[in-house]
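Please treat every number below as a calculation from the coordinates, not as lab data. In this text, all values refer to a predicted model and were calculated from it rather than measured experimentally.
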């Protein structure tokens, strides 16, 4: 990757991190603590865990449905479509992986991370 590509990848990652951390700290944590009400389908840690499980299953289901529908496409288009889809998904997942690694290295015993619904 050239210097321009690296620069834009860096900016994309910074914006991605800012978006995720804003939602975590400004919306989800206050929602779980009962300080503010947002339209999340959970209001406790246990319901959040249930939602995470459902979202995980939904993501897998969507991949299966897309693959199933792609079988109906002409071969050349199907392969190009699938390549683009997986390439785009990988870019997004890489950003989550980078952020997960960064956050995993931080001290996770800080007060704002623990006791969300206390």
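Above 21 angstrom, tally the Cα pairs of the chain and express them as a % of all pairs, no decimals.
58 percent
Give the angle, between 0 and 90 degrees and rounded to the nearest 10, that separates the Cα long axis of helix 45-70 from the longest principal axis of the Cα atoms of the chain.
The two axes meet at around 10 degrees.
Quick one: plug the Kirkwood hydrodynamic radius of the range 1-42 (C-alpha pairs) into Stokes-Einstein at 20 °C, 1.002 mPa s, and report D in µm²/s.
Details: Rh = 12.0 Å.
The estimated diffusion coefficient comes to 179 µm²/s.
Helix 75-105: angle to the longest alpha-carbon principal axis of the chain, degrees 0 to 90, nearest 10?
30 degrees
For the chain, take the longest principal axis of its alpha carbons; what is the angle in degrees between that and the long axis of helix 3-23, to the nearest 10 within 0 to 90?
40 degrees
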